[in-house]
1. Being closer than 28 Å to residue 105 by Cα and in contact with a Lys or Arg (Cβ under 9 Å, 6 or more places away or on another chain), is that true of even one residue in segment 392-405?
2. Mind checking which residues of segment 30-59 are in a loop (DSSP other than H, G, I, E, B), over 24 Å from the mean Cα position of the chain (by Cα), under 25 Å from residue 236 (Cα atoms) and of a type in the set (A, V, I, L, M, F, W, C)?
3. Of all the residues that make up segment 228-265, how many are part of a strand (DSSP E or B) and either touching a strand residue (DSSP E or B) at 6+ places or on another chain (Cβ under 7 Å) or among the β-branched types (Val, Ile, Thr) (or both)?
4. Within segment 469-477, does at least one residue satisfy the condition of being farther than 22 Å from residue 278 by Cα, in contact (Cβ under 8 Å) with a residue 60 or more places away in the chain and not aliphatic (A, V, I, L, M)?
5. Just to be sure I understand, how many residues within segment 165-203 are in contact with a helix residue (DSSP H, G or I) (Cβ under 7 Å, 6 or more places away or on another chain), in contact (Cβ under 8 Å) with a residue 60 or more places away in the chain, over 23 Å from residue 447 (Cα atoms) and not aliphatic (A, V, I, L, M)?
6. For segment 160-227, list the helices (runs of 4 or more DSSP H) that sit wholly inside it and hold at least 3 residues that are in contact with a strand residue (DSSP E or B) (Cβ under 7 Å, 6 or more places away or on another chain); which are they?
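The values are calculated or read from the model by the stated rules, or taken from the named source; none is laboratory data. Note that the structure is a prediction, hence the values are computed from the model and not measured. As a convention, Cβ positions derive from the backbone with ideal geometry for all residues, glycine included, and neighbour counts pool all protein chains shown.
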Amino acid sequence: MNQLVNIGARVSGLFAATLVAGTVFAGHAADSKTIIYVDLDANTRKAHSQLQSLKQLDVLGVNLKQHWAEVAVTKEEFAQLQKLNLSIRKAGNQLANSVAVPDGYLNPEQVVQTLKTISTQYPAITKLFELGKTHQQRSMMAIEISAHVDDTSKPVILFNAMHHAREVMTSEIVMHIAKVLTENYGKDLEVTNWLDQYRIVLVPQVNPDGNALVSNGETMWRKNAYEYRGEVVGVDINRNYPAYWNYCNGSNSSPYGEAYRGPSAASEPETQAMMNLVNAYKPVAEISYHSYSEMILYPFGCSSVKNPSKTLFHSIGQDMNAQIRNDNNRTNSYEVGTVPELLYEADGGDIDWLWKEQGVFAFVIEVNASDFHPDYKKWRNVTVERQEGGWKAMLRRMTKSGFRAHIQTDAPSEISYSLKKIEGNQKIAFDADEPTRTFSLRSSSGLLYQLTEKGKYEVTFFVKNQPVKSLTVNVGETLVDLGDIAI
C-alpha cells in the first residue's frame, strides 16, 4: 500500500521532515533511489508549475489525467523536495543498482542480428548500414526500406528509438515497423504504395551502449556510456543536440545528473551519428519513440521559443492520436503538445534540432502508461500493434496538404527557399521571430518537399542567399506537385 506523505503539512517542522525521510529510505543503501509519486494539481497551470520544480530530478513518467508524476529520488533529492509544497506517495519499491534483466526485449547484439536477417530476407527493398560507433565501439545501425533504395528523388521519413537506454519497448516498435513494411510489400496496397513513393529509414537503437548496461542488469540506466574521471556516468543524448543546448535550464550541468547535457553541444558520438544521418538523408518527417507517459510531443522544448508552425504540428499530432490506441485500447487518449506545455522545459532535444536546423516535422511519441519494462509477454505485441496507427498516420500525411517539386540546377546544395503565407493583401513570414528563415532542398537531386496548412503561399528561391525566382502556390487538401522548376 502506498504511504501518503504531505510535505506541505506543518507538523513541528524539522521533526516531521526527519520522520518522513527516515520512513521512506529506511534500510536503503546510500546510493540507492526510491520511486515516489508526486500528486499533481487538477489545475493544468498549477500542475505544470509543479512539474517544473521536478525537472532536475529523474522523472520517470507523468499522467496528467490521473494527476501524478513518478520520480526516482535519492535521499538528498528527497530532502530537497521537503522544501516544496507537494503531496508525495511512496511507491514502495527501491531502485537498486542492479536488478532483474527485462526478459524478452532485444539487446544490442540481437538488434544488429535481426536487422541483418531482415536485410538478407528482403535484399531488393532494404539497405543496412552503420551510422557510427559509440564510446564502447558498438555499431549504431540503420536500415533503409524502399522500392527505390538510394534514390534521392524520393522523400525520406525517419523513425528512431531508444535515445534513453531503459526505454526498451521503443526498439520493439521500430523493429515492428520494419517487419510490417518488408513482409507486406507487394501484398498490402498501402504499404506497397509507401515503399514505391518513399524511402523509410529506421534506427531502432540510438543508444546501444546504454542498453547493454540495461541488459546486463542496470535496468534503470538512462544515458550513454560517456566516461567522466574514469567512471561511466553517461550523457543524456536527448539533451545533447546543438539547437537550444543549455538554453532554458532544461538539462543538468552535473555529469551525475540523469539529464546531463554533456560537456558541449553535440559532444557525443550518438548525437553526431544521428546528425550526420539527417544531413545526408534530409527527411521530411520524423518520429522518435520514447517511454512512458502516453504523449505526442513536438517542438520546442523551451517555453520562450515559439513554433511558427504549431497549428500544423498539432494537427499532425492529433491525426496520429486518432489512430494510436493507448494501454486501455482507446484512441484519442494521448496528450498532444509541446514539452513545456505538458511536462517541463527540456533543452537540447533531437526534435528541436531537426525542426530548427533541418525543417523536419519531428515528433516524440511517449508510449505506454507506466513502467519502462512492461511484462514482455503481456505487453510487447499489444503495444507495437497499437502504435501502428501513429506511424501509419504520419506516412498518410505525406500525401496531404503541401507541395513538392524537383529543382533543376547544377548545384542543389546552393539552393534554398522561403515561405510566406498570403492572406488578403498581406504576406506573412513563415517565422515572425526569424522572418528570413529559409529551407534547404531535400536531396542532392533537387527534391523539394514541404508540408503546409491549406492556403496560398509565396515561395521564393535563393542561390547562395540571393533571391532568384518567386512563385505562388495554392495548397488544398492534397499535396500539390509543381513538377520541374529550373533555377
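1. No, that holds for no residue.
2. Once the filter is applied, which keeps residues that are in a loop (DSSP other than H, G, I, E, B), over 24 Å from the mean Cα position of the chain (by Cα), under 25 Å from residue 236 (Cα atoms) and of a type in the set (A, V, I, L, M, F, W, C), segment 30-59 yields only 30.
3. Residues in segment 228-265 being part of a strand (DSSP E or B) and either touching a strand residue (DSSP E or B) at 6+ places or on another chain (Cβ under 7 Å) or among the β-branched types (Val, Ile, Thr) (or both): 3 in total.
4. Checked against the condition, which is being farther than 22 Å from residue 278 by Cα, in contact (Cβ under 8 Å) with a residue 60 or more places away in the chain and not aliphatic (A, V, I, L, M), segment 469-477 yields at least one hit.
5. Looking only at that region, the number is 6.
6. 168-184
One line per residue, one yes/no per condition, for (1) among the hydrophobic types (A, V, I, L, M, F, W, C); (2) surrounded by fewer than 19 Cβ atoms within 10 Å (Cβ to Cβ); (3) more than 24 Å from the chain's Cα centre (by Cα):
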site	(1), (2), (3)
110	no, yes, no
117	no, yes, yes
123	no, yes, yes
129	yes, yes, no
136	no, yes, no
140	yes, no, no
146	no, no, no
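Here is a yes/no grid of residues against (1) closer than 19 Å to residue 359 by Cβ; (2) part of a loop (DSSP other than H, G, I, E, B); (3) in contact with a Ser or Thr (Cβ under 9 Å, 6 or more places away or on another chain); (4) not aliphatic (A, V, I, L, M):
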| site | (1), (2), (3), (4) |
| --- | --- |
| 391 | no, no, no, yes |
| 394 | yes, no, no, no |
| 406 | yes, no, yes, yes |
| 416 | yes, no, yes, yes |
| 420 | yes, no, yes, yes |
| 428 | yes, no, no, no |
